[in-house]
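Trainee: Quick one: the structure is below, questions incoming.
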Amino acid sequence: MKTVPRNLVSLSVSTPDGIFTAHYSERGLAGINFPSKQNPAATREPENVPTKIQAWHRLTSAALKRVVAGEAPGKFPPFDLSAGTEFQCAVWQAMLQIQSGQAKSYGEIAQAIGKPKAVRAVGGACGANPIPVLVPCHRVIAAGGKIGGFSSDMNWKRTLLKREGVIVS
DNA sequence: CCACGGTGGTAGA
DNA sequence: TCTACCACCGTGG
């Protein structure tokens with residue numbers, strides 16, 4: 001993955017599970033961070049950003065709160081996935097097709113993007129997903145209903161799946 | 001349960 | 001380039 005320098009605007013989203021941080025480029029939502037103890041503060045106050053981004057952030061906040069509650073997200077802001085490779089974007093796009101309460105295996109995702117043997121690589125692309133929760137990488141599990149892995153806290157994956165009613169072994 | 005080989009994409013040297 | 005990772009998967013003990 002190449003790191004293109006971009007000016008990102010960071011804003012906070014308060015949820016019952018803590019404060020997420022959302023990052024916006026001029027193209028749309030570019031990243032989300034899980035709450036962390038050192039509380040990665042927003043770089044700006046919402047009043048001081050372009051109204052376009054304020055509108056995106058309202059959509060992000062609402063969608064994030066719903067998914068964290070185990071509900072369908074509703075409307076998304078535009079996503080800026082320009083940091084990803086072509087392969088990663090294909091995987092992320094496939095993940096967006098998984099509805100709330102459903103799950104697919106890494107193998108099924110590989111098949112869905114027409115590269116049935118790129119199974120391990122799909123796992124790598126999941127870990128590189130810059131917009132967790134909204135791009136639902138937590139709904140990608142291992143074959144046979146096993147939980148699989150997660151980049152950050154495995155607890156988040158278990159919690160989100162459980163709230164959506166997905167049973168894993 | 002465990003070991004192992006086949007895989008494709010990515011990052012780093 | 002080459003190499004060493006991997007959020008995998010199926011098969012075989």
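Trainee: Would you give the gap between the C-alpha center of the stretch A:14-39 and the C-alpha center of the stretch A:74-114, rounded to a whole Å?
Mentor: 19 Å
Trainee: While we're on this one: Determine the percent antiparallel among the DSSP beta bridges restricted to chain A, to the nearest 5.
Mentor: 80 percent
Trainee: Compute the signed sum of charges (Lys and Arg +1, Asp and Glu -1) over the other residues within less than 15 Å, Cβ to Cβ, of residue A:152. Could the numbers behind the result be given before it?
Mentor: Values: positive: A:37, A:157, A:158; negative: A:17, A:153.
Around residue A:152, the charge tally is +1.
Trainee: Now, a different point. Relative contact order, percent, of the stretch A:9-68 when contacts are C-alpha pairs under 8 Å separated by at least 6 residues?
Mentor: It rounds to 31 percent for the stretch A:9-68.
Trainee: Still on this structure, I have one more. Kindly flag which residue pairs out of A:117/A:157; A:37/A:162; A:65/A:104; A:37/A:115; A:52/A:104 have an alpha-carbon separation exceeding 30 Å in this structure.
Mentor: A:37/A:115; A:52/A:104
Trainee: Assuming a ≥ b ≥ c are the square roots of the Cα gyration tensor eigenvalues, decide whether the stretch A:120-169 counts as rounded (a/c under 1.5), prolate (otherwise, with a/b larger than b/c) or oblate.
Mentor: oblate
Trainee: Something else: Work out which trypsin sites (Lys or Arg not before Pro) in chain A are exposed loop sites (DSSP not H, G, I, E or B, at most 16 other Cβ within 10 Å) and give the longest gap free of them.
Mentor: For trypsin sites (Lys or Arg not before Pro) (loop position, at most 16 other Cβ atoms within 10 Å), the longest site-free span of chain A is A:76-116.
Trainee: Place a point 7 Å from Cα of residue A:14 in the direction of its Cβ. Which residues in the stretch A:47-68 have their backbone N less than 15 Å from it?
Mentor: A:47, A:61-62, A:65
Trainee: Also, quick follow-up: Hey, what's the per residue convex hull volume over the C-alpha atoms of the stretch A:86-163, in cubic angstrom?
Mentor: Spread over its residues, the Cα hull of the stretch A:86-163 gives 78 Å³ apiece.
Trainee: Find the Cα radius of gyration of the stretch A:9-68, compare it with 2.2 N^0.38 Å by division, and give the number to two decimals.
Mentor: Working: Rg = 10.7 Å, N = 60, 2.2 N^0.38 = 10.4 Å.
Normalised by 2.2 N^0.38 Å, the Cα Rg of the stretch A:9-68 equals 1.03.
Trainee: Using +1 on the beta carbon of Lys and Arg, -1 on that of Asp and Glu, and nothing else charged, what's the dipole of chain A about the Cα centre, debye to 20?
Mentor: 320 debye
Trainee: Pairs of alpha-carbon atoms within less than 8 angstrom and 6+ residues apart define the contacts here; what relative contact order does chain A have, in percent?
Mentor: Values: 259 pairs, mean separation 33.3, N = 169.
The normalised contact order for chain A reaches 20 percent.
Trainee: If you build the convex hull over the alpha carbons only and average its shadow over all orientations, what do you get for chain A? Give it in nm² to one decimal.
Mentor: Taking the Cα atoms of chain A, their convex hull projects to 9.5 nm² on average.
Trainee: Can you put A:95, A:154 in order of Cβ neighbours within 10 angstrom, beginning with the fewest?
Mentor: Placing the least packed residue first, the sequence is A:154, A:95.
Only the coordinates and a few stated rules stand behind these numbers; no lab work does. Given the structure is predicted, the values throughout are model-derived calculations rather than measurements. Neighbour counts are summed over all protein chains in view; Cβ atoms, including those assigned to glycine, are modelled from backbone coordinates with ideal geometry.
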